[in-house]
1. Being under 20 Å from residue 159 (Cβ atoms) and not assigned by TED's automatic domain parsing to the domain that holds residue 182 narrows it down to one of 95, 116, so name that one.
2. Could you figure out which of (1) more than 16 Å from ligand 1 (Cβ to nearest atom); (2) within 16 Å of the chain's Cα centre (by Cα); (3) at positive phi isn't true of residue 60?
3. Can you tell me which residue is most open to solvent (accessible area, probe 1.4 Å) among those in segment 12-36 that are within 13 Å of residue 189 (Cβ to Cβ) and within 16 Å of ligand 2 (Cβ to nearest atom)?
4. Which residue pairs have Cβ atoms under 7 Å apart, sit 6 or more places apart or on different chains, and have a first residue in segment 37-52 that is open to solvent by 20 Å² or more (accessible area, probe 1.4 Å) and more than 7 Å from ligand 1 (Cβ to nearest atom) and a second that is at pLDDT below 90 and not in a helix (DSSP H, G or I)?
5. Could you pull out the residue among 164, 210, 171 that is over 25 Å from residue 48 (Cα atoms) and outside the structural domain of residue 111 (by TED's automatic domain parsing)?
6. Filtering segment 166-202 down to residues that are among the hydrophobic types (A, V, I, L, M, F, W, C), touching a residue at least 60 places away in the same chain (Cβ under 8 Å) and open to solvent by 30 Å² or more (accessible area, probe 1.4 Å), which residue is farthest from ligand 1 (Cβ to nearest atom)?
7. Among the residues of segment 203-216, what is the count of those that are in contact with a strand residue (DSSP E or B) (Cβ under 8 Å, 6 or more places away or on another chain) and either within 15 Å of ligand 1 (Cβ to nearest atom) or under 13 Å from residue 175 (Cβ atoms) (or both)?
Amino acid sequence: MTKNFAIGGEVIHAVDGVSLTIEAAEMVILTGASGSGKSTLLNLIGGLERPDTGQLDVLGVDVTGASDAELTRMRLTQIGFVFQDFSLLKDLTLAENVSLPLEGAGQHRKEARQQATAHLERVGLEGMENRFPDEVSGGQQQRVAIARALVGRRSLILADEPTGALDSATGRGIMQLLAGLRDEGVTIVLSTHNPANVAFGDRVVELQDGKQVLPALEGGARP
Ligand SMILES: Nc1ncnc2c1ncn2[C@@H]1O[C@H](COP(=O)(O)OP(=O)(O)O)[C@@H](O)[C@H]1O
Ligand SMILES: [Mg+2]
């Protein structure tokens, strides 16, 4: 699978020949330096970008051939996305931000807000549901973004550096929360810079300049 970006006549190979099958209820960790293609790969998996070449199946759907409407429906109902920049709506309260995907999927407002509040508690933000994003810290905003990705019955969670703004104890708590969801059958693909997060994954995919780094053969050189 490839994804190129053209900037001022120059072509950037953001994702270059990555081939990846993600099993259900698996936690895959994407690592690699800044600019190695982690966010682009997550956007491709989440249907926010379309690959230039190659095929991509997500939750049994051929994303390459899916219509925009199908991709939108999948994102609303099946995929939770934790964006690197959180992407919270600043004019909505924390509870309103978290309940947005539920209301978008047709759930009644009152019920959606109750679920949103419960999910805010789950990420340690009890009592903060009526605050606005700019009234809480960056780490708290990140946890709101995580709560928003968790609401509803999501079968796939895509998380772009979800602990990047958190102190190590809070970050570990979030990784444990995600690992617990994986144990309940949720599939998780997560990018991270933090080596401490790698141990939570079932599998690590390392990217370098958009390419997959193949793991070194175990046992070192042959005799
Ligand atoms: N929308 C875009 N337009 C142009 N270039 C992009 C765009 N998104 C990403 N890139 C480029 O693609 C490469 C991979 O970026 P990215 O996926 O954000 O990497 P990472 O998340 O690992 O830091 C980088 O060189 C980046 O500058
Ligand atoms: Mg990134």
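The values are calculated or read from the model by the stated rules, or taken from the named source; none is laboratory data. Note that the structure is a prediction, hence the values are computed from the model and not measured. Quick reminder, even Gly has a Cβ in these numbers, built from the backbone with ideal geometry, and neighbours come from all protein chains shown. Heads up: the accessible areas ignore ligands, DNA and RNA and are worked out on the full protein's heavy atoms, side chains in. Shrake-Rupley method; radii C 1.70, N 1.55, O 1.52, S 1.80 Å.
1. 116
2. (2)
3. 31
4. 50/64
5. Values: 164 fails: over 25 Å from residue 48 (Cα atoms); 210 fails: over 25 Å from residue 48 (Cα atoms).
Going through 164, 210, 171 in turn, the sole match is 171.
6. For segment 166-202, the residue satisfying everything is 200.
7. 9
Conditions (1) open to solvent by less than 30 Å² (accessible area, probe 1.4 Å); (2) closer than 24 Å to residue 73 by Cα; (3) in a helix (DSSP H, G or I); (4) of a type in the set (Phe, Trp, Tyr), marked per residue:
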| residue | (1), (2), (3), (4) |
| --- | --- |
| 92 | no, yes, no, no |
| 98 | yes, yes, yes, no |
| 103 | no, yes, yes, no |
| 107 | no, yes, no, no |
| 124 | no, no, no, no |
| 127 | no, no, no, no |
| 131 | no, no, no, no |
| 134 | no, no, yes, no |
| 139 | yes, no, yes, no |
